[in-house]
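The values are calculated or read from the model by the stated rules, or taken from the named source; none is laboratory data. All values derive from a computational prediction rather than experimental measurement. Every residue, glycine as well, gets a Cβ built from its backbone with ideal geometry; the counts of neighbours run over all protein chains shown. Only protein heavy atoms, including side chains, enter the accessible area calculation; ligands, DNA and RNA are left aside. Shrake-Rupley method; radii C 1.70, N 1.55, O 1.52, S 1.80 Å.
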Amino acid sequence: MPKVGPSSVKFGMWEESQIQLSIWSLLLHIGFQPHGQPPISCTDKPLKPIVGANGEVVQEFSPPRRLSTDQIPKIINDFRLAARNAMEAGFDRVEIHGAHGYLIDQFLKDQVNDRTDQYGGSVENRCRFALEIVEAVANEIGADKVGIRLSPFLNFLETGDSNPKALAMEKGIKAVAENHGDLVAFGRLFLANPDLPRRFELHAPLNRYNIETFYTPDPVVGYTNYPFLEYTA
């Protein structure tokens, strides 16, 4: 691909040396079940209907079926098999989708997860389902081929958490400490907190990110103008 015209963006694929392509398969479980069965979840609490601006119901949701403790290993094994199938199909790596209200995210968030077994209650217990999936997939295809997507601060379809900062820290630190991963990447939090690891270490308050400045052409505002910890009040 030839380079066309001047550009301030210093990346491209017009030279062979620039090409390093890795094809990922996204593994997710939305909870839907075949043959009209109720969707599965960590809970049996129903979602509230979505109501439009005119007060009319736009969308209703089927009540979920709470997974029993002895049913959970089957779901974990499904992720393992899906990962193996992805590799056999020619993918290089897999990313486990644990965000945006999907099944793993439901287990992680205390607004949804009301379980009283080893998969509910404390942050550690709520992380157990995700970590067991990561471990199963990593054992199947190799830890260097596995990633997981998480969204602890996102509240989508009633999947919020009362303490997303603690949830993010617990998942990240535990994943590395227990050798479930080599790298934990934070997106919005790191953008707004250039010293994020230090803040986690000290349990210090975090700068709030300003979503209005995301993806702006300004090279400073919204990118490098967030204060370090020593300059915060």
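Any idea how many residues of segment 63-81 are open to solvent by less than 40 Å² (accessible area, probe 1.4 Å) and either touching an Asp or Glu at 6+ places or on another chain (Cβ under 7 Å) or part of a strand (DSSP E or B) (or both)?
Within segment 63-81, the first condition is being open to solvent by less than 40 Å² (accessible area, probe 1.4 Å), and the residues that meet it are 64, 67, 72, 75-76, 79.
Subset that is either touching an Asp or Glu at 6+ places or on another chain (Cβ under 7 Å) or part of a strand (DSSP E or B) (or both): 64, 76.
Qualifying residue count for the region: 2.
Which one of these is of a type in the set (Val, Ile, Thr), modelled with pLDDT under 85 and assigned to a helix (DSSP H, G or I): Val176, Val220?
Details: Val220 fails: assigned to a helix (DSSP H, G or I).
Sole residue among the options that is of a type in the set (Val, Ile, Thr), modelled with pLDDT under 85 and assigned to a helix (DSSP H, G or I): Val176.
What number goes with the only condition from (1) in a helix (DSSP H, G or I); (2) under 20 Å from Thr43 (Cα atoms) that Lys165 does not pass?
(2)
Counting only residues that are among the aromatic types (Phe, Trp, Tyr) and open to solvent by less than 20 Å² (accessible area, probe 1.4 Å), how many does segment 82-118 have? First the steps, then the outcome.
We begin by selecting, within segment 82-118, every residue among the aromatic types (Phe, Trp, Tyr); these are 91, 102, 107.
Imposing the further condition that a residue be open to solvent by less than 20 Å² (accessible area, probe 1.4 Å) reduces the set to 107.
Within segment 82-118, residues that are among the aromatic types (Phe, Trp, Tyr) and open to solvent by less than 20 Å² (accessible area, probe 1.4 Å) number 1.
Do you know which residues across segment 97-124 are touching a helix residue (DSSP H, G or I) at 6+ places or on another chain (Cβ under 8 Å), part of a helix (DSSP H, G or I) and under 15 Å from Ile40 (Cβ atoms)?
Leu103, Ile104, Phe107
Condition first: in contact with a Lys or Arg (Cβ under 7 Å, 6 or more places away or on another chain) and of a type outside the set (Asp, Glu). Now tell me which residues in segment 154-164 satisfy that.
Once the filter is applied, which keeps residues that are in contact with a Lys or Arg (Cβ under 7 Å, 6 or more places away or on another chain) and of a type outside the set (Asp, Glu), segment 154-164 yields Thr159, Gly160.
I'm told Phe186 meets every condition in (1) at pLDDT 80 or above; (2) closer than 15 Å to Phe153 by Cα except one. Can you identify the failing condition by its number?
That leaves (1) as the condition not met.
State which residue pairs qualify: first residue within 23 Å of Ile76 (Cα to Cα) and inside segment 37-55, second residue part of a loop (DSSP other than H, G, I, E, B) and among the aliphatic types (A, V, I, L, M) in any location, beta carbons under 8 Å apart, and separation of 6 or more residues or different chains.
Matching pairs, first to second residue: Pro39/Ile30; Ile40/Leu67; Ser41/Leu67; Ser41/Val112; Cys42/Leu67; Cys42/Val112; Thr43/Val112; Lys45/Val112.
Hey, does segment 47-67 have a residue that's more than 20 Å from the chain's Cα centre (by Cα), modelled with pLDDT of 90 or more and over 25 Å from Ile141 (Cα atoms)?
Yes, there is a match, as at least one residue in segment 47-67 is more than 20 Å from the chain's Cα centre (by Cα), modelled with pLDDT of 90 or more and over 25 Å from Ile141 (Cα atoms).
Inside segment 48-62, can you point out the residues that are open to solvent by less than 70 Å² (accessible area, probe 1.4 Å) and touching a strand residue (DSSP E or B) at 6+ places or on another chain (Cβ under 9 Å)? Let's see the steps before the verdict.
Step one: list which residues in segment 48-62 are open to solvent by less than 70 Å² (accessible area, probe 1.4 Å), which gives 49-50, 52, 55, 61.
Residues satisfying the conditions are Pro49, Ile50, Gly52, Phe61.
For segment 223-233, what are the residues that are farther than 18 Å from Phe200 by Cβ and at pLDDT 75 or above?
Hits for segment 223-233 are Tyr223, Thr224, Asn225.
Which condition from (1) open to solvent by less than 20 Å² (accessible area, probe 1.4 Å); (2) farther than 30 Å from Phe228 by Cβ is the one that Arg128 breaks?
(1)
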